[in-house]
1. Output the number of residues of the stretch 97-116 satisfying the condition of being closer than 19 Å to Ile182 by Cα and either without any contact (Cβ under 8 Å) to a residue 24 or more places away in the chain or of a type in the set (Lys, Arg) (or both).
2. Scan the stretch 112-124 and give yes if some residue there is under 16 Å from the mean Cα position of the chain (by Cα), within 22 Å of Ile87 (Cβ to Cβ), open to solvent by 40 Å² or more (accessible area, probe 1.4 Å) and of a type in the set (S, T, N, Q), otherwise no.
3. Considering only residues that are touching a Leu at 6+ places or on another chain (Cβ under 6 Å) and free of Cβ contacts under 8 Å to residues at least 24 places away in the same chain, which ones fall in the stretch 117-133?
4. Hey, can you tell me all the residues within the stretch 155-175 that are open to solvent by 80 Å² or more (accessible area, probe 1.4 Å) and in a helix (DSSP H, G or I)?
5. Please go through the stretch 125-154 and pick out each residue that is out of contact with any strand residue (DSSP E or B) (no Cβ under 6 Å at 6 or more places or on another chain), of a type in the set (S, T, N, Q) and open to solvent by 30 Å² or more (accessible area, probe 1.4 Å).
6. Give Tyr163, Tyr136 a once-over and let me know the one that is of a type in the set (Ser, Thr, Tyr) and touching a residue at least 60 places away in the same chain (Cβ under 8 Å).
7. Select from the stretch 133-147 the residues that are at pLDDT below 90 and within 8 Å of Lys84 (Cα to Cα) and list them in ascending order.
8. Return a yes/no flag: does the stretch 87-104 have any residue that is open to solvent by 90 Å² or more (accessible area, probe 1.4 Å) and modelled with pLDDT of 90 or more.
Amino acid sequence: MAKKTPAINSSSTADIAFLLLCYFLMTTTMGSHFGLSRRLPPMPDPNQKVEDQKVNRRNIIVVKINSADRILAGTDAIDVSQLKDKIKEFLSNPANDPNLPEKEVKEIEGYSKGTYPVSKGVISLQNDRGTSYQAYIAVQNELVKAINEIRDDFCRQNFGRVYNLVTEDQQKIAREAIPQNISEAEPKDVGKK
């Protein structure tokens, strides 16, 4: 007579595998993607008439990155390490240079002094399709760093602390006084005709 081999009870194995799968799905973090924080312009009112907005040439600085990752800011070929200082000088226009952006005195709600001369400066970023992501991100970082340093200076002068350490209302005042106006053009193929 042949001996019967005992079978392993596998009825709960599927349940255990399912519970392990649920555990690993809930406890594992997926790769988080980081991006550039940008505020998109609001959608225009469909009933609004389209008007051409004229921007004074002196209020725009064009920052170009070519396919060899070389940077041109205005008319100067510069290194990425020099870009922040160039943008700070452009936006601040400390000596009221007629070649740098105009300033418009605006009333800022909540600002103790009432009005502040806000720069009309716009940074226009243009890059080639062959531009590396590393160069593109490095330029973006320098542009934002320049604006953040100007905001820090504004907050130190008016509130005694840097931008990140002031209240939400004070940050709002700083954002209105020092706006982040970065315009990005569609990448171009300079090498192709």
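1. 2
2. no
3. Within the stretch 117-133, no residue meets the criteria.
4. Matches in the stretch 155-175: Arg156, Gln157, Asn164, Leu165, Glu168, Asp169, Lys172, Arg175.
5. Hits for the stretch 125-154 are Ser132, Gln134, Asn141, Asn148.
6. After applying the criteria, what remains is Tyr136.
7. Scanning the stretch 133-147 gives no hits.
8. Yes.
The values are calculated or read from the model by the stated rules, or taken from the named source; none is laboratory data. Computed from a predicted model, the values in this text were never measured in an experiment. Here the Cβ is made from the backbone with ideal geometry for all residues, glycine too, and neighbour counts use every protein chain on show. Only protein heavy atoms, including side chains, enter the accessible area calculation; ligands, DNA and RNA are left aside. Shrake-Rupley method; radii C 1.70, N 1.55, O 1.52, S 1.80 Å.
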